[in-house]
Amino acid sequence: MNLPEFEEQSDRPLPESSSISDSSPLSELPESPADFPLEKDSPAARKLEPLVLAHVLAKNYQPVKPKVIAKQMKLRSDQLPALKLAIRRLVKAGKLAYGSSHMVRKPDLLPPLPPESAKAREGTKKSKPARDLAVESTDDDLPDDVVNDLADETLDEAEAFAAEEAAADSSAEVDPDDFLAMRAAKLKEKPSRRGKDKTVTGKFKRAAAGFGFVRPLDVTSRGDRTQDIFIPQNASQDAANGDIVRVRLVSGGRSLRKSGEIVEILERDTHQFVGVYQEQRGSGVVEVDGRVFAVPISVGDPGAKGAAPGDKVVIEMVRFPSHTHEGEAVITEVLGARGTPGIDTLSIMREYELPEAFPEAVLAASREEAEKFDESIGDRRDFTKTTIITIDPVDARDFDDAISLTKLESGNYQLGVHIADVSHFVKPKSVLDREARDRATSVYLPDRVLPMLPEIISNNLASLQPDKVRYAQTAIIEFSPEGTPLHSEFYLSAIKSCRRFTYEEVDDYLADRQAWKKKLKPQVHELLGVMHELAMILRRRRLERGAIELSLPETKIDLDKKGEVSGAHLSKNTESHQIIEEFMLAANEAVARHLNEKELPFLRRIHENPDLRKLQVLTKFVRELGIECDSLESRFEIKRVIKEVAGAPEEHAVNYAVLRAMQKAIYSPAVEGHYALHSEHYCHFTSPIRRYPDLTIHRMLRSLIHGKKPAADFASQVLLAEHCSEREQRAQAAERDLIKVKLLGYLSKRVGSEMDAVITGVEEFGIFVMGIDLPAEGLIHIQSLEDDYYKFDSDTHSLTGRRAGNRFRLGDVLRVSVAKVDVDRRELDFRFVGRLKSDRTHLSRLPRSGVRMRQDVPDEMQNDADFPPRRDEGSRPEFPDRGPPREGGARGGYQGGGSRGKSFGSRSGGGRSSGGGDRSGGSFGSGGKKKKFPGSKPSFGGGGGKGKKGRKKGR
């Protein structure tokens, strides 16, 4: 394709005010202020500093948030601002440090380098950057009920060293490589502090029966369940799921698992719950949704708030239930009668405390921005005459990315990725910025979108609509004919898209290019062809280099005008989607490389390497399926196995097993790569309309383009990364639960109906199956298999009849009927009807977005691992399934509380489930077990579902 105007522009010297190259020097400017600048001098804060320092450096101190410190120090509520200021000063001075979720902890062993150190290092060989110990991966996806696998998912907050190391000589410089070695050695040691002090601070995961586990806050590995502490029912006080607690360790007797008793509840995860109002013996009670509590919560006067039996209500807890007393609450809002259209969505929004309408001040600010916008190009790079197009879902309204591309005479490709310049309209610390930061992401529910920014900006001013001048930030990336990135440049630009395409139109073009010649301008027709050519080159190169791609078809639910499920359809990842995927990946990597070269801390999208133990379990699982393989610690062996089982009966089980072995992709300023994408440096740049991390990247690029050094305070980036990760997880959990509720409502009217399903999990208490045409997953209880006496084999992950030898194992295709549906408890039971032949047709229809319909299924199978990030939806898909069983485990049958993680700001975040990743294991037994399973029913969590409104998925 010939675009002379584009080539001419690329040859011009770059205007200093509107562009920057990946090789341009960083201006020598003084250190910029932190993202959270300190307030004016406060005498009260100065007086508190020595007291706070003494408190945190005390021998028995455990990391907690500032407001908990205020409580421990017996400060008044009006002294909290001064306390926070004192803590920020101490952190800035290096005397204290922030850990995960804004926990205040003792400083790291490695002292911060002075500002002049960076300049002093110029011209010297750089050592590999060490990960800052305050930054650990977050994992807020707690399994809802199966307690054996709680340790893998119970905590998305990992704290690095804080105790004995802080007493070391912090004035001595430590080589980063030596420090990492010391850190690795320390991780292998058993924590001596616990044996000495007998108290541990951690997050409590509560089962509905009252017992639970505490994951210590200083656990550094999500896969390390050895440090989890069992809390018996009579030692849990009234702690609720997700609370931060202090635990006293007690003797575990013959058991190898540590146990303890909760001695103090340091911080409540939430006081707000949603449930169904009922009346019992003249008193009002609320049965909280999802079996968070084992018994109803008393709300006193049945006439309060005018609630009627069967109404969905919001309650505020006054007293949490324990093994010694019932819970008490007050009704704060009556949502409406259960079953009324829209009440299910409203209930989920209240449960996850999702924001609704924008405050008037925010709307007014957006209107002001609209009035000021005049489409003048100014000193921006002018791409308005360049052939640029957009490709989006048919119902999309916010267009945040556009593409231009030319093939140079040298054979190289010059790709232009133009992203809406939201940073032009949303200034730091403005009213718009505060609201966007708090929301952090747009939330895509099945029947509505809760945008991060007001629609006047997201769907108008910033949206790259066709035939309109729009502001953008542009990445120009040159590739060799083989797809190797050679050079990149970045501009503040003005563009004018000349054509808006849907994915379906581009697929139609690729199927019959000749027919589209009459419909398109010659330059647009040629552009589409070159885009497809380069995208396939980039895709092939990426996969050959080791990127992992799973075969997981995606099923979406269809809603009628009332917002109720009317069916489902398969969403295909066609070549039109792949074109955009590859270009968004390329832009994200180019920006991340550029910021990394400037040695700036920024919000990366990281995906840590899988836990070694999980890969060993995965290897064993794959071999037990009869598939020969070397150790799956090699990414290339994983790819080989995935390719080998394509189209085979084991395809479904293997793909989900691999997914379950992965970690979760999260935001972090830590210098960490992206395992699934096999990318050394990666960030989110391409969706600033709906993701706050992308907006922060745009602001940094803007500063560099103007020759300034961006505000890049590492500690602030840590806090912001955790906040954005938690908000992302909250959005995904809310979406997942709402789809679960809508599917249950659909199936509740179809008890007895039959469907084809595939086995996704086998346990001693029954079989998990997922509908093939409808993405609902439920349990066939072993007690309903009355034709034989079944034994569970933990080695082959199967149930085998002793008499007839009938066998059920992962990947088998069955005919099942809907036996029981409980919408409020979010449970679905199936009954086995018959066996179907496992063939390629069924496997090609297996859904990726299935939703487990029992509250006792763990949510841990939802990974946000970016495989790779697709763009037609708002956030990375949650891929539900159990994957390879984990060794050992408690005998199941526990109803548990859903995870609801705390988040930065006024609203509490949802625990899922990251992004994002790392779900593994349910309640797994060992050895051959009897058919009849004693105890209460095992309970299960939710899967992932997809929304509408032209969502764009996390690039």
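The values are calculated or read from the model by the stated rules, or taken from the named source; none is laboratory data. Quantities reported herein were computed from a predicted structural model and do not represent experimental measurements. Here Cβ is always computed from backbone atoms with ideal geometry, including for glycine, and neighbour counts include all displayed protein chains.
So which pairs qualify, if the first residue must be in the stretch 311-329 and modelled with pLDDT of 90 or more, the second must be surrounded by 20 or more Cβ atoms within 10 Å (Cβ to Cβ) and polar (S, T, N, Q), the Cβ gap must be under 7 Å, and the two must be at least 6 apart or on different chains?
If the second residue must be surrounded by 20 or more Cβ atoms within 10 Å (Cβ to Cβ) and polar (S, T, N, Q), the pairs left are K312/S347.
Would you mention how many residues in the stretch 335-366 are surrounded by fewer than 18 Cβ atoms within 10 Å (Cβ to Cβ) and among the polar types (S, T, N, Q)?
1
Restricting the stretch 257-289 to residues that are in a loop (DSSP other than H, G, I, E, B) and either buried (at least 19 other Cβ atoms within 10 Å of the Cβ) or within 31 Å of the chain's Cα centre (by Cα) (or both), which is modelled with the lowest pLDDT?
Per the criteria, the residue is R257.
In this structure, is L615 crowded, with 23+ Cβ neighbours inside 10 Å and modelled with pLDDT of 90 or more?
no
Quick check on this structure: which one of L603, L585, L625 is among the aliphatic types (A, V, I, L, M) and touching an Asp or Glu at 6+ places or on another chain (Cβ under 6 Å)?
None of the other options fit; the residue is L625.
Just give me the residues in the stretch 320-352 being among the basic types (K, R) and in a loop (DSSP other than H, G, I, E, B), in sequence order.
R338
Of the numbered conditions (1) at pLDDT below 95; (2) surrounded by fewer than 17 Cβ atoms within 10 Å (Cβ to Cβ); (3) in contact with a helix residue (DSSP H, G or I) (Cβ under 7 Å, 6 or more places away or on another chain), D507 fails exactly one; give the number of that condition.
Answer for D507: the failing condition is (1).
Taking the condition of being assigned to a helix (DSSP H, G or I), over 32 Å from the mean Cα position of the chain (by Cα) and not small (G, A, S), how many residues in the stretch 368-398 meet it?
3
Quick grid of which residues meet (1) modelled with pLDDT of 90 or more; (2) in a loop (DSSP other than H, G, I, E, B); (3) touching a helix residue (DSSP H, G or I) at 6+ places or on another chain (Cβ under 7 Å):
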residue: R750; (1), (2), (3): yes, yes, no
residue: A757; (1), (2), (3): yes, no, no
residue: G761; (1), (2), (3): no, no, no
residue: F768; (1), (2), (3): yes, no, no
residue: K791; (1), (2), (3): yes, no, no
residue: D795; (1), (2), (3): no, yes, yes
residue: A804; (1), (2), (3): no, yes, no
residue: R815; (1), (2), (3): yes, no, no
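Which one of these is within 23 Å of K556 (Cα to Cα) and either part of a strand (DSSP E or B) or among the basic types (K, R) (or both): E777, E735?
None of the other options fit; the residue is E777.
Which one of these does D398 not meet: (1) surrounded by fewer than 24 Cβ atoms within 10 Å (Cβ to Cβ); (2) of a type in the set (D, E, K, R); (3) at pLDDT below 95?
Against the list (1) surrounded by fewer than 24 Cβ atoms within 10 Å (Cβ to Cβ); (2) of a type in the set (D, E, K, R); (3) at pLDDT below 95, D398 comes up short only on (1).
Only one of (1) in contact with a Lys or Arg (Cβ under 7 Å, 6 or more places away or on another chain); (2) crowded, with 21+ Cβ neighbours inside 10 Å; (3) at pLDDT 75 or above fails for S101. Which number is that?
(3)
For the stretch 706-733, name all the residues that are surrounded by 21 or more Cβ atoms within 10 Å (Cβ to Cβ) and polar (S, T, N, Q).
Correct list: Q717, S725, Q729, Q732.
Quick one: would you say E533 is at pLDDT 95 or above and of a type outside the set (S, T, N, Q)?
Yes; evaluated as a whole, the condition is true for this residue.
How many residues are crowded, with 24+ Cβ neighbours inside 10 Å, more than 14 Å from the chain's Cα centre (by Cα) and in a loop (DSSP other than H, G, I, E, B) if we restrict to the stretch 664-687?
Of the residues in the stretch 664-687, 7 are crowded, with 24+ Cβ neighbours inside 10 Å, more than 14 Å from the chain's Cα centre (by Cα) and in a loop (DSSP other than H, G, I, E, B).
Which members of the stretch 780-816 meet the condition of being crowded, with 18+ Cβ neighbours inside 10 Å, of a type outside the set (V, I, T) and over 22 Å from V622 (Cα atoms)?
Residues satisfying the conditions are H781, L785, Y790.
Hey, does the stretch 446-467 have a residue that's more than 26 Å from the chain's Cα centre (by Cα) and part of a strand (DSSP E or B)?
yes
Looking at the stretch 632-647 only, could you name the residues that are touching a Ser or Thr at 6+ places or on another chain (Cβ under 9 Å) and either under 15 Å from V617 (Cα atoms) or aliphatic (A, V, I, L, M) (or both)?
Correct list: L632, E633, E637, I642, V645, A646.
Out of the residues in the stretch 723-736 that are in contact with a strand residue (DSSP E or B) (Cβ under 8 Å, 6 or more places away or on another chain) and among the acidic types (D, E), state the one that is farthest from K598 (Cα to Cα).
It comes out as E735.
Give the stretch 349-378 a look and list any residue that's modelled with pLDDT of 95 or more, among the hydrophobic types (A, V, I, L, M, F, W, C) and either over 30 Å from R470 (Cβ atoms) or touching a Phe, Trp or Tyr at 6+ places or on another chain (Cβ under 9 Å) (or both), or say none.
M349
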